[in-house]
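Here is the structure we will look at.
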Amino acid sequence: MIEFDEAGFSYGGTSVLRNVSLTLAPGSFHFLIGPSGVGKTTLLRLCYMDLVPTEGAVRFFGTEIAPSDRNAVAALRRAVGVVHQDCQFLDHMSVFENIALPLRVSGIPAAERAGDIEALLEWVDLGDRVDALPPELSGGERQRAALARAVILSPDVIVADEPTGNVDWDMAQRLLALLVELNRMGKTVVIATHDLNLIRAAKGRVAARVLRLANGQVQPAGADL
Amino acid sequence: MIGRRFRAIGGWLADADGADRVVPRGLHAGLSVGFLSAMMAFLAVLALALALAAGRLAHSWESEIADTATLQILAGDDGIEEQARAALNVLRTTPGIQSVRMVELAEQERLLEPWLGPDIPVESLPLPLLIEVQTDRDMLNVPSLRLRLEAEAPGAVYDDHAAWRQPLVVTAERLRIFAIACLALMTLALAVVLGLAATAATAANGNAIQTLRLVGARDDFIVRAFTRRFTFGAAAGAVLGTAVGVLLLAFLPQASEQGFFLVGIGLTGWGWAAPVLVPVTAAVVAWAATRRATKASLWRWS
Ligand SMILES: Nc1ncnc2c1ncn2[C@@H]1O[C@H](COP(=O)(O)OP(=O)(O)O)[C@@H](O)[C@H]1O
Ligand SMILES: [Mg+2]
């Protein structure tokens, strides 16, 4: 569970988020919408302590983590799987190794989870790309690999920043289906997107709440979507 | 406690979680760390050999001073026998004198030949009577011996070689200290340079470090990855540099008993085991320096 308690954030002098209070309850499914540049990525980065609020607080599973407690931050990032907007990979390692990276840094031998990784790769349709290097992937393939990496540790919370930005509609639906399935398994899911079709596609499959970000504030979006 | 420490070292060496793989293999950086440490190791082996040889030399010269002396008796033909007898009497009754031997004229000629050449008629030179004395430094009181000789055999000059050997001993000692200082400076330089290289490597791999942090890597995982890479690179380079240095020393002409000082710079006996310390030291230094440097720069990169 992630709680924003009157949290605000500014880059230098530029305030992006103001007075945001928000609870991402266990098992909830949220869409975060808003035009480009409004602060969606900023809000998501606060969810895994890539950024620290400049006002107020963000609490994780009931506690506030000090940024100086670097091991606690590392532990948080294992509990929160992230699909980053820019999908960073280690370019010298294969797709398979990149997807297994969270296992490696947690000291879990990839061999132990080889079955999981294979299944996951099939799910995101990258089964034939395991030996490729990240720079050889297309934008859509990168995002699928990033999603696979985000869920490999079976985290409690999954944060996805525009996960369907670079994929075609079929793949977008498949990624959504995967996220919905993870949500059914009890995971908390937060997706930042500007693709309203994705939200419509989710309707009826999952009880999703839609949050609109505007002027640094978060409001529940109406039923007009 | 000690068991845990050993297990930690074992885990570090075994790299069970494959931390190594996450650091991109920068060919350039890897080579320069290895090359640098190879050069340092090569120089360190030479300095080490110099330190050992200088120590050996100082020791052997010192013990020569300690153990042998000569008594020269300079007197007119008539008095020489008498003076010699008196001098021998003094020596026999002095504690700390172990043995006494007259140096024959033929032997004196042989000793002088290298200096004067074979053609000089040695018989025509006013050679002193030479007595070689083996002493026990701890028991012998040289000033008192000198006083007694002066009284009983005024033509006898006691020479324990200290006058000309002592400066050599001092020089050898200083050379040894100099070589040891060289070793210390090289170790320090290696630490500084590897620290800089590690800082540069973390900076160059800032993106990789950020990615690792974002997927939940702890600092010690990342530090281990970098220190392993650098430590093994430095150790491999140092092994190579040491091997070249040792080979070079092995092919140096061996020191003969009377050999000029520099000829004796090679290693002897257990001295051949000393260069093993060079790569070990390089590895430990690399480990400590990169650990420090990466720990410090992780804060900057994530
Ligand atoms: N690192 C940064 N430094 C300064 N300003 C930034 C930085 N990242 C984002 N911003 C600014 O903050 C605002 C919100 O950005 P972002 O959270 O990326 O929006 P979104 O994801 O909704 O497109 C934008 O105006 C952007 O220019
Ligand atoms: Mg964004």
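The values are calculated or read from the model by the stated rules, or taken from the named source; none is laboratory data. Since we're looking at a predicted model, the values are computed, not measured. Heads up, the Cβs are rebuilt from the backbone with ideal geometry, glycines too, and the neighbour counts pull from every protein chain shown.
Is it true that B:VAL192 is within 30 Å of B:ARG21 (Cβ to Cβ) and at pLDDT 90 or above? I'd like the intermediate steps shown before the answer.
Details: within 30 Å of B:ARG21 (Cβ to Cβ): yes; at pLDDT 90 or above: yes.
The answer is yes for B:VAL192.
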Matching residues in region A:90-111 - criterion: being within 7 Å of chain B (Cβ to nearest Cβ), in contact (Cβ under 8 Å) with a residue 40 or more places away in the chain and in contact with a helix residue (DSSP H, G or I) (Cβ under 7 Å, 6 or more places away or on another chain): A:LEU90, A:MET93, A:LEU101, A:PRO102, A:SER106
Qualifying residue in region A:48-62 (condition: within 14 Å of ligand 1 (Cβ to nearest atom) and more than 28 Å from A:SER106 (Cα to Cα)): yes
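If I filter region B:148-169 for residues that are at pLDDT 90 or above, of a type in the set (Lys, Arg) and more than 27 Å from B:ARG56 (Cα to Cα), do I get at least one hit?
The first filter runs over region B:148-169 and keeps only residues at pLDDT 90 or above, leaving none.
Looking through region B:148-169, none of the residues is at pLDDT 90 or above, of a type in the set (Lys, Arg) and more than 27 Å from B:ARG56 (Cα to Cα).
Could you run through region A:155-191 and say how many residues are away from ligand 1 (no atom under 16 Å from the Cβ) and within 14 Å of chain B (Cβ to nearest Cβ)?
So the count comes out to 4.
Working only within region A:47-58, note down all residues that are more than 14 Å from every other protein chain (Cβ to nearest Cβ) and either crowded, with 16+ Cβ neighbours inside 10 Å or assigned to a loop (DSSP other than H, G, I, E, B) (or both).
Taking region A:47-58 and keeping what is more than 14 Å from every other protein chain (Cβ to nearest Cβ), we get A:53-58.
Scanning region A:47-58 gives A:PRO53, A:THR54, A:GLY56, A:VAL58.
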Of residues in region A:12-37 being near ligand 1 (Cβ under 9 Å from one of its atoms) and modelled with pLDDT under 95, the one farthest from A:VAL206 (Cα to Cα): A:GLY12
Top-ranked residue of region A:22-46 - restricted to ones that are of a type in the set (A, V, I, L, M, F, W, C) and assigned to a strand (DSSP E or B), ranked as nearest to ligand 2 (Cβ to nearest atom): A:LEU32
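For residues in region A:69-93 being in a helix (DSSP H, G or I) and more than 30 Å from A:GLY140 (Cα to Cα), which is farthest from ligand 1 (Cβ to nearest atom)?
First, pick out the residues of region A:69-93 that are in a helix (DSSP H, G or I): A:70-79.
In the following step, the residues that additionally are more than 30 Å from A:GLY140 (Cα to Cα) were identified as A:70-72.
Working: A:ARG70: 21, A:ASN71: 25, A:ALA72: 24 Å.
It comes out as A:ASN71.
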Hits in region B:209-228 - residues which are of a type in the set (Gly, Ala, Ser) and surrounded by fewer than 24 Cβ atoms within 10 Å (Cβ to Cβ): none
Single condition B:ILE177 does not satisfy, out of (1) more than 31 Å from the chain's Cα centre (by Cα); (2) assigned by TED's automatic domain parsing to the domain that holds B:ALA58: (1)
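Looking for something touching a strand residue (DSSP E or B) at 6+ places or on another chain (Cβ under 8 Å), over 30 Å from B:GLU173 (Cα atoms) and crowded, with 20+ Cβ neighbours inside 10 Å - is there at least one such residue anywhere in region B:56-69? Break it down stepwise before answering.
So in region B:56-69, the residues touching a strand residue (DSSP E or B) at 6+ places or on another chain (Cβ under 8 Å) come out as B:66-69.
Next cut, over 30 Å from B:GLU173 (Cα atoms) only: none.
Scanning region B:56-69 turns up no residue that is touching a strand residue (DSSP E or B) at 6+ places or on another chain (Cβ under 8 Å), over 30 Å from B:GLU173 (Cα atoms) and crowded, with 20+ Cβ neighbours inside 10 Å.
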Unmet requirement for B:ARG224, which otherwise passes all of (1) closer than 24 Å to B:LEU277 by Cα; (2) more than 14 Å from every other protein chain (Cβ to nearest Cβ); (3) in a helix (DSSP H, G or I): (2)
Filter pass, B:THR231 being more than 14 Å from chain A (Cβ to nearest Cβ), touching a residue at least 40 places away in the same chain (Cβ under 8 Å) and crowded, with 19+ Cβ neighbours inside 10 Å: yes
Conditions (1) aliphatic (A, V, I, L, M); (2) more than 16 Å from ligand 1 (Cβ to nearest atom); (3) in contact with a Phe, Trp or Tyr (Cβ under 8 Å, 6 or more places away or on another chain); number of the one not met by A:ALA66: (3)
Only one of A:ILE108, A:ILE117 that is over 21 Å from A:GLY27 (Cα atoms) and assigned to a loop (DSSP other than H, G, I, E, B): A:ILE108
